[in-house]
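Notes for the one structure printed next.
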Amino acid sequence: METAVTAQAPTGSLATPTGANGSAPPRQAAAVTQMHYARRREITDAMRFVAEREELSPELVRDEIAIGRLIIPANIHHLAGALEPMAIGKVARVKINANIGNSQVSSDVNGEIEKLQIAVKYGADTVMDLSTGGNIDGIRRAIIAASPVPIGTVPIYQAVQGGPDGKWDKQLEELTANDLLDMIEHQAKQGVDYMTLHAGILIEHLPLVHGRITGIVSRGGSLHAVWMMAHRKQNPLYEHFDDVLDILRQYDVTVSLGDSLRPGCIADASDRAQFAELDTLGELTKRAWERDVQVMVEGPGHIPMDQIEMNVRRMKEVCNEAPFYTLGPLVTDISPGYDHISSAIGAAMIGWFGSDMLCYVTPKEHLGLPNAEDVRQGVIAYKIAAHSADVARGRKGARDRDDALSRARYAFDWKEQFRLSLDPERAQEYHDETLPAEYFKSAEFCGMCGPKFCSMHHSRTIEDGIAQMAAELAEREEQAAKNASRDATGKPEQQLAGVSAS
């Protein structure tokens, strides 16, 4: 019999003294991860919730989590609060993430909460707080408390910006392995559900970047690269990855293995640096699974369309089908101000080929900090991409909403069309620009075609005649099939009769 499990928060302090060599000693504790329970053949409440949302059996959800092909990012502290569990992986619907967060030139708790609410309203499945400005902890605590979706972070941002609650004032090069571990632990205690950790960029990878047009475009990756160059030492997150896992497994924080060397332009796509790091991410995936820590792997940001499928296949092979979390990808580099469009093209394709979560891009990408309207446009663009991927992948029921909207469109049920739209307010707003009166909510035309040129209206007027012609055609085809069958069975009989007569 399956057992429902509710994970409990660990008790006691996790503070540990610094080791003799300056490194942090291992932080041993029992795992409370969804993977841990799945491997014990137990079905948790979170698994049951996800199974219902995804229209899957709880047993399938459990089994997919056990092998690492499905994750439920759900920090035990957030799970005890506002979080509604969701899943990312092969058997689940394609998900999207929205990035929010302040910057060093713009910091406002209320503004970030507004972005969170808009992202969730329009369908973001997770939200990343990428704050790099002031009051990072205050903003994050407010976001986690208000968010029903998983929250992700990049801990090194806050480490560089002042550490936990701004308690230190260090330059990047002054950070130690202990500082990074303390930062990860601090955010885990806050309730962060997944963390992008750039543990796969190694010092030996840096020469491979030489010759790129855009160098290292990952913020976290570039910070680690600067640290390694300053010290001529290996990435501390790679060297202390077991310590990282010992923290994450105590709170069920999913590790999102950052793609530090992702291409920042299509000319740099699929190069040696990108794939060298990918091989390391494959190694780290296995190490995380050995500690029952859930994993997803982040993927490239700029790829021409002809390389997208190859990138997915290679990642899935190297990382043993761990969930793939991809930024875009942007398929061209000439669309500043419209990068949400160029990236949504790539996102739809990479979702079709097997990416499990798509990180949105807004119109402000490469240009500035997104505002609430930019978040809305980015989320909608990526909901379109993710849904298109689900339809192409033949997900059960994926097309139902499309079909329902199409029927409403043909019936000129404008209100139902609006309701079924990804952005009902925008759909009605555009319709009402030219035909605002309530009368026009049942009119058999819109402001584009008018009453004389609406193709669907004309089609509806000849429906009965078309139905009659279709019935006559079906009757003729049925009769032709009968005749063909009779001819086919008659010929052999005639031939046999001729043989008998002779």
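Kindly indicate whether any position in segment 165-172 is under 30 Å from Asp423 (Cα atoms) and not small (Gly, Ala, Ser).
no
On the basis of being open to solvent by 80 Å² or more (accessible area, probe 1.4 Å) and modelled with pLDDT of 85 or more, does Glu416 make the cut?
no
Which count do you get for residues in segment 273-289 that are acidic (Asp, Glu) and open to solvent by less than 20 Å² (accessible area, probe 1.4 Å)?
Adding up the residues that qualify gives 1.
Return the only residue of Arg69, Arg53, Arg48, Arg41 being on the phi > 0 side of the Ramachandran plot and either at pLDDT below 95 or open to solvent by 40 Å² or more (accessible area, probe 1.4 Å) (or both).
Answer to the check: Arg41.
Across segment 321-331, what is the total count of residues that are of a type outside the set (Gly, Ala, Ser), open to solvent by less than 40 Å² (accessible area, probe 1.4 Å) and assigned to a loop (DSSP other than H, G, I, E, B)?
3
Test Glu84 against the criterion of being at pLDDT 95 or above and out of contact with any helix residue (DSSP H, G or I) (no Cβ under 9 Å at 6 or more places or on another chain), and give yes or no.
no
I want to confirm something. Restricting to segment 436-491 and keeping residues that are within 30 Å of Glu425 (Cα to Cα) and open to solvent by 90 Å² or more (accessible area, probe 1.4 Å), which single residue is modelled with the lowest pLDDT?
Among those that are within 30 Å of Glu425 (Cα to Cα) and open to solvent by 90 Å² or more (accessible area, probe 1.4 Å), it is Tyr439.
Does Leu422 count as open to solvent by 40 Å² or more (accessible area, probe 1.4 Å), part of a loop (DSSP other than H, G, I, E, B), touching a helix residue (DSSP H, G or I) at 6+ places or on another chain (Cβ under 9 Å) and aliphatic (A, V, I, L, M)?
Yes, satisfied.
Yes/no per residue for (1) over 21 Å from the mean Cα position of the chain (by Cα); (2) surrounded by fewer than 20 Cβ atoms within 10 Å (Cβ to Cβ); (3) touching a residue at least 60 places away in the same chain (Cβ under 8 Å):
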| residue | (1), (2), (3) |
| --- | --- |
| Thr126 | no, no, yes |
| Thr153 | no, no, no |
| Pro164 | yes, yes, no |
| Met183 | yes, no, no |
| Asp193 | no, no, yes |
| Gly211 | yes, yes, no |
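Of all residues in segment 290-320, count the ones that are aliphatic (A, V, I, L, M), crowded, with 24+ Cβ neighbours inside 10 Å and within 17 Å of Ala199 (Cα to Cα).
So the answer is 5.
Pick out, from segment 181-254, the helices (runs of 4 or more DSSP H) lying fully within it that include 1 or more residues that are under 28 Å from Gln34 (Cβ atoms) and aromatic (Phe, Trp, Tyr).
Per the criteria, 236-239, 241-251.
Can Ser270 be described as at positive phi, surrounded by fewer than 20 Cβ atoms within 10 Å (Cβ to Cβ) and at pLDDT 95 or above?
Spelling it out, Ser270 is indeed at positive phi, surrounded by fewer than 20 Cβ atoms within 10 Å (Cβ to Cβ) and at pLDDT 95 or above.
What do you reckon, is Pro263 under 13 Å from Cys359 (Cα atoms) and of a type outside the set (Gly, Ala, Ser)?
Here the answer is no, as Pro263 does not meet what is asked.
The values are calculated or read from the model by the stated rules, or taken from the named source; none is laboratory data. Just so you know, these numbers come straight off a predicted model, no measurement behind them. As a convention, Cβ positions derive from the backbone with ideal geometry for all residues, glycine included, and neighbour counts pool all protein chains shown. To get the accessible areas, we keep the full protein, side chains included, count just its heavy atoms, and leave off ligands, DNA and RNA. Shrake-Rupley method; radii C 1.70, N 1.55, O 1.52, S 1.80 Å.
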